[in-house]
Amino acid sequence: MALIRGCVSRLSNYTQKTIPALSLVSRNSSDAVELKALLAEKIKEEQKIVKSFREQYGSKVVGEVTVDQVYGGMRGIRGLVTETSHLDPEDGIEFRDFTIPQIRKLLPKTPGGGEPLPEGLFWLLLTGEVPTLEQVKSVSKTWAERAGLPSHVVTMLNNFPSHLHPMSQFSAAITACNTESKFAKAYSEGVPKATYWEHTFEDALDLIAKLPTIAATIYRNLYKDGSSIGAIDVNKDWSANFTSMLGYDDPNFTELIRLYLTIHSDHEGGNVSAHSVHLVGSALSDPYLSFAAGMNGLAGPLHGLANQEVLVWLRKLQKDLGPDASEEEVKEFVWKTLKSGQVVPGYGHAVLRRTDPRYIVQRDFALKHLPDDPMFKLVSQLYKIVPQILLELGKVKNPWPNVDAHSGVLLQYYGMTEMQFYTVLFGVSRALGTASSLVWDRALGLPIERPKSMTTEGLMKLVGAI
Ligand code: CMX
C-alpha cells in the first residue's frame, strides 16, 4: 500500500509534456499503479486456485509421450503452464479467452481509430480483464515515461557495423539494458521470493517501454543516415510514439502498427520465442536477459524471420515473373522453390491447422486500405495456389498461411521496404506476451525448468527395443 501511495504522489508531481527519447535515466512517475494493484489481486486469487488444484490433482496423468514426439520437437506434449493465451489448432489464438475478432472489437481504440491499442492487450494478458480507455492511457503514459535508454546502449547501437542484422542488434541492445534490471538488483539484495513478481513486473514495463526506442534507433542508423529519433510525447500512445520515432507520419501506418503490435504479441507458451523467454527466466535470469534469448529464437527463418523471408521471396517472384504472372507461372515458381529444398515461407504451422486468424485480420486491413496494391494482389493469388501445392507435396500438416505470409506486404505499402527490419517489429510485439508470462511465472513460483532428455540407447531400452 505504501508503494502504491508513493507512486500516486509521484504521478501528481509529473508535469513535463515531452522527454528526449535517449535520456539516460527512465522517468517513472505514473508507474501503472492501478494495473499493479489489480494484478496483485488476481495473483492472490490464482495462487490459491493453483495451490488447491495441485493439492487435489497433482498426481493425475495429463497425457502420454511417444518415441516420435521425443524426436519430433516435443509436438503436442503438455509440459508448460502459460496463463496469457491459448492456441487452438482450428480457431487460432485466444488471448486469455478472447479471439482476434473479439479483441479487435472490445479493446479500447484511439478516438476515431479502428484498431485496438496494444496497451489494452497487455492489460488483458496480465489480468484477464478488458481495460477501459482511461486504464489503457495510463499504460501508454507509463511506457512513454520509461522509454529512455541508458547511454551505453545508445553508444553500442551507434557503433554496430551496418552489416550486423537488425535482430542481432536488437537482441544485443536488450541484453545490455540489463544494467537497469530492478529484478536483478532486488534479487542480489535478497528480497523474499513472494515479491519476485513485483520486480519482474517493473522490468516488464521498462523493457516494453524501451523496445520501440531501441528498434527506432536501429532503423534510423541503418536506413535513415542515423537521423535522430526525436522526442517521446507522454500524451501519445505506444504505437504513435513508435511510428513517429521511426519517421512515419501517415495515421494509417500508425493504425497498422497498432494492429500489428497487438496480433503478434502472444501465441501460447511452446513456440520458440515464448518458450526461450520462459526457460531462461526460470533460471531467474532477469527479464532483459530472458527476453533477449527469446529474440535470438525469433530471429530463426522457421519462426519470426519468416516475415522477412516472405517478402524476399515475393520480390524474387515479381522479378522473375514480372507484374502479371499467370496462375501456371506462379505454380511453377512455387514448385521450383520446393524442389530446390526450400520451404514456402509464410505457410505451415506447428500447431495451427487452418488459415491463421492473424493472416485473416491482416487481409481485412489490406482489403480496406490497399485493395489495389500489386503485392497484396500477389499475396491473394498465392493464397489460392500454395495450399493445394503443399497438400500435393504430401507431408505438410498445415498447408495454410500463417501470420508472416501477410505482414510484410502491409509494411511495404506504407514505405517500410527494409525487409531485414521486419522481425524486429515482431519482436517488439512479442514482449507483450512473454513479459506478461514472466510476471505470472514468478507469481506462481514456477521452478527452474529441467525436462528429462534421453539418449537413443536409453529410449530403446525404455520401450523394450533392446
Ligand atoms: N514449405 C515446404 N515444406 C514445408 C512447409 C512449407 N511451408 N511447412 C512444412 N513443411 C515440411 C516440413 O519442412 C517437414 O518436412 P520434412 O519432413 O522433410 O522435414 C514436413 O513438411 C512436415 O512438417 P510439419 O509437421 O507440417 O511442420 P512443422 O511443425 O515441422 O514446422 C513450420 C512448422 C512453421 C516450421 C513449417 O511449416 C515451415 O517451415 N514453414 C515455413 C516457414 C514459416 O513460415 N515459419 C513461420 C511460422 C510462424 C512463426 O513462427 O512466425
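Need pairs with beta-carbon distance below 6 Å; first residue crowded, with 24+ Cβ neighbours inside 10 Å and within the range 111-122, second among the acidic types (Asp, Glu); sequence gap 6+ or separate chains.
Close Cβ pairs (under 6 Å, with a partner that is among the acidic types (Asp, Glu)) amount to Leu117/Asp237.
Just one of the numbered conditions (1) open to solvent by less than 50 Å² (accessible area, probe 1.4 Å); (2) in contact (Cβ under 8 Å) with a residue 24 or more places away in the chain; (3) under 25 Å from Asp91 (Cα atoms) is not true of Leu444; which one?
Here Leu444 meets the rest and fails (3).
Can you name the residue in the range 290-344 that is of a type in the set (Phe, Trp, Tyr) and over 14 Å from Gln381 (Cβ atoms) and is also most open to solvent (accessible area, probe 1.4 Å) among such residues?
Applying the filter and picking the extreme gives Trp335.
Could you figure out which of (1) open to solvent by 20 Å² or more (accessible area, probe 1.4 Å); (2) over 20 Å from Leu321 (Cβ atoms); (3) more than 9 Å from the ligand (Cβ to nearest atom) isn't true of His349?
(3)
What number of residues within the range 158-168 are part of a helix (DSSP H, G or I) and either in contact with a His (Cβ under 8 Å, 6 or more places away or on another chain) or surrounded by fewer than 22 Cβ atoms within 10 Å (Cβ to Cβ) (or both)?
Result for the range 158-168: 3.
Do we find that Val386 is within 9 Å of the ligand (Cβ to nearest atom), at pLDDT 95 or above, in contact with a Phe, Trp or Tyr (Cβ under 6 Å, 6 or more places away or on another chain) and outside any loop (DSSP other than H, G, I, E, B) in this structure?
So Val386 passes the test.
Tell me whether the range 254-268 contains one or more residues that are within 16 Å of the ligand (Cβ to nearest atom) and open to solvent by 60 Å² or more (accessible area, probe 1.4 Å).
No.
Output the qualifying pairs, or none if there are none: Cβ atoms under 6 angstrom, residues six or more apart or on different chains, first residue in the range 292-311 and more than 9 Å from the ligand (Cβ to nearest atom), second residue outside any helix (DSSP H, G or I).
Ala299/Leu305
Under 9 Å between Cβ atoms, at least 6 apart or on separate chains: pull out the pairs that start in the range 125-153 with a residue that is in a helix (DSSP H, G or I) and end on any residue that is modelled with pLDDT under 95 and aromatic (Phe, Trp, Tyr).
The qualifying pairs are Lys141/Tyr14; Glu145/Tyr14.
Quick one: is Tyr359 within 15 Å of the ligand (Cβ to nearest atom), closer than 29 Å to Gly128 by Cβ and aromatic (Phe, Trp, Tyr)?
For Tyr359, the condition - within 15 Å of the ligand (Cβ to nearest atom), closer than 29 Å to Gly128 by Cβ and aromatic (Phe, Trp, Tyr) - is met.
Please pick out the residue among Val191, Val234 that is over 30 Å from His86 (Cβ atoms) and free of Cβ contacts under 8 Å to residues at least 12 places away in the same chain.
Val191
The values are calculated or read from the model by the stated rules, or taken from the named source; none is laboratory data. From a predicted model like this one, the values you see are computed outputs, not experimental measurements. FYI the Cβ positions are ideal-geometry reconstructions off the backbone, even for glycines, and counts take in every protein chain you see. Just the protein is used for accessible areas: all its heavy atoms, side chains included, with ligands, DNA and RNA removed. Shrake-Rupley method; radii C 1.70, N 1.55, O 1.52, S 1.80 Å.
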